[in-house]
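Asker: If you scroll down you'll find the structure; I have some questions about it.
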Amino acid sequence: EIWIGPILGLLDIMGNISKHYYAPRATVKEQMFLCFTGTYYNLADKYTDMTKLVFVCYYYCSLNPSLFFLGAIALAVRYCSDRFCLLRIWSDRPNIGTQVAEFSRKYFLSFAIVAGIVVASYDWALFNFDRVCNGETSFESGSYTVKIFDKDQNKDEEDRVREETIFVNSENSNAVRVCNSDRCCQNIGLTFPPVPRFVETEEFSWMSDGQKLVSGCFGWFGLAVLVIFLLTVFGNTVYVFIKSLVTANYDDSKQGKDQNIDFSNLEYIDAYIPLIREPSLAFPLITCDIDEIPLKYLGFEIPIDERMDDYNVLFDIQHEDMRRSSKMRASMLSMKGLDVISQHSQYEFSSKQETHPLFDIVKHWPFGGN
């Protein structure tokens, strides 16, 4: 978890093969572009790996406290490797905002902490180090002949059994027995919280006074943490749901405030442009009329020797009401310094209006414009 995953991600074996082997041998330009689209990744898998590391660390922290340090190292290594891959190796993914991070932090990561505390309280009170329990029979001092079974499956059944003689001194010693694998007398069942008054009985008591104090405090603390978690995470949701049954719960303050920043003044932002993303194509296909919007809002750039109209399916279905029925011969290099396609000298605009357009028409009215 610490080294294998990040190293494999940084090596990007298939991506390097695609870039350095298949790309130079591509027969067409579009095939070469596909070799440089980047390695696919799934954000859900990344959150699953991170949550798994955190959960395992908290779950077994009472038995092996060094897991906290190993988990911190694993998360730090994953952060550095994923950051490099995100900027250098992986392909672009849709911008989904902070909803996934907030959901994971609110539910999964907080639940991992609560689960770690509850499981640790059980480990302190009920952890079975072995299945050796107090025996119900006693032995007298003397010598006994016992049969020892060898676990080697390659030997015959007769060769796996041998007899040996042992000497037993019953003075100052207690008889013990080993419970079978089906049930042990230490398995008292699920009891919550795991405090001495609930887990110990008069017939089976094994804690000293100090152990009872520690396990009792730990058990009640785990119960308090669980109750606080349920009230904090789910209490407000239940309250809002019950309140919505009898009163209106619309709150205008949650809609945000006007920051007085116009959309046209933002440099690094994309507009919603209907696109079709096909894995076999290096660039997406445009499914609307974009003649009157700045090309910077598309969200992708095509090579300077390509034509933007070649990536628009608008011209694949010809009809009489089209405002522009033919593609421009100009490449993206000739669009340098121009914001929209309609500003180009080769743009042929028809004054007629489409009464029944087959595709959407996207327009942009900049701040202060007409």
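The values are calculated or read from the model by the stated rules, or taken from the named source; none is laboratory data. Everything numeric here is computed off the predicted structure, so don't read it as measured data. So basically every Cβ, Gly included, is an ideal-geometry build from the backbone, and we count neighbours across all protein chains shown. Calculation scope for accessible area: heavy atoms of the full protein, side chains included, ligands and nucleic acids excluded. Shrake-Rupley method; radii C 1.70, N 1.55, O 1.52, S 1.80 Å.
Asker: Using the Cα centre as the reference, give the magnitude of the dipole from point charges on the C-beta atoms of segment 269-370 (Lys, Arg: +1; Asp, Glu: -1; all else neutral), rounded to the nearest 20 debye.
Answerer: Roughly 220 debye, rounded to the nearest 20.
Asker: Let me ask something else. With θ set to phi - 60° and the Karplus curve 6.51 cos²θ - 1.76 cosθ + 1.60, what are the ³J(HN,Hα) couplings of segment 304-321 in order, to the nearest whole Hz, using x for Gly and Pro?
Answerer: Using θ = phi - 60°, the values come out as 5, 8, 9, 9, 5, 5, 5, 9, 10, 6, 4, 8, 7, 10, 7, 8, 5, 8 Hz.
Asker: Provide HIS319, HIS356 ordered by accessible surface of protein heavy atoms (probe 1.4 Å), highest first.
Answerer: On the way: HIS319 55, HIS356 140 Å².
Putting HIS319, HIS356 in descending order of accessible area: HIS356, HIS319.
Asker: Scan around ASP289 for amide H atoms under 5 Å from its own, H built in the peptide plane at 1.01 Å from N, and keep only partners 5 or more places away or cross-chain.
Answerer: ASP360, ILE361, VAL362
Asker: Right, next: I'd like the accessible area for LYS327, computed on protein heavy atoms only with a 1.4 Å probe and all protein chains in place. Round to 10 Å², please.
Answerer: Approximately 80 Å² of LYS327 is accessible to the 1.4 Å probe.
Asker: On alpha carbon coordinates alone, what is the Rg over Rh value for segment 1-70, Rh being the Kirkwood radius? Working shown, then result.
Answerer: On the way: Rg = 18.6 Å, Rh = 15.0 Å.
Ratio of gyration radius to Kirkwood radius: 1.24.
Asker: In what sequence, highest mean first, do 282-293, 331-342 appear when ranked by Cβ atoms within 10 angstrom?
Answerer: Highest mean packing first, the order is 282-293, 331-342.
Asker: Shifting gears a bit: How far apart, in nm, are the 7 Å Cα→Cβ label points at GLU30 and ILE4?
Answerer: Each label point is offset 7 Å from its Cα along the Cβ direction, giving 4.0 nm.
Asker: Determine ³J(HN,Hα), in whole Hz, for all residues of segment 42-54 in sequence, where each value follows from phi through the Karplus function 6.51 cos²θ - 1.76 cosθ + 1.60 and θ = phi - 60°; x replaces Gly and Pro.
Answerer: Here the 3J(HN,Hα) series is 10, 5, 5, 5, 5, 5, 5, 4, 5, 5, 4, 4, 5 Hz.
Asker: When Lys and Arg each count +1 and Asp and Glu each count -1, what net charge do the other residues less than 12 Å away from PRO274, Cβ to Cβ, add up to?
Answerer: Charge balance near PRO274 sits at -1.
Asker: How many Å² of accessible area per residue for segment 1-74, probe 1.4 Å?
Answerer: Result: 68 Å² of accessible area for each residue.
Asker: If ASP82, ASP316 are ordered by their accessible area, calculated over protein heavy atoms with a 1.4 Å probe, which sequence runs from highest to lowest? Numbers along the way, then the final one.
Answerer: Details: ASP82 45, ASP316 105 Å².
The ordering from most to least exposed comes out as ASP316, ASP82.
Asker: Given the pairs LYS46/LYS243; LYS106/LYS296; LYS19/LYS52; LYS106/LYS257; LYS106/LYS212, which are separated by over 29 angstrom at their Cα positions?
Answerer: From the list (LYS46/LYS243; LYS106/LYS296; LYS19/LYS52; LYS106/LYS257; LYS106/LYS212), the Cα-Cα distance tops 29 Å for LYS46/LYS243; LYS106/LYS296; LYS19/LYS52; LYS106/LYS212.
Asker: According to a simple spin-label model (label point 7 Å from Cα along Cα-to-Cβ), what is the distance in nm between ASN236 and LEU87?
Answerer: If labels sit at LEU87 and ASN236, their model points lie 3.4 nm apart.
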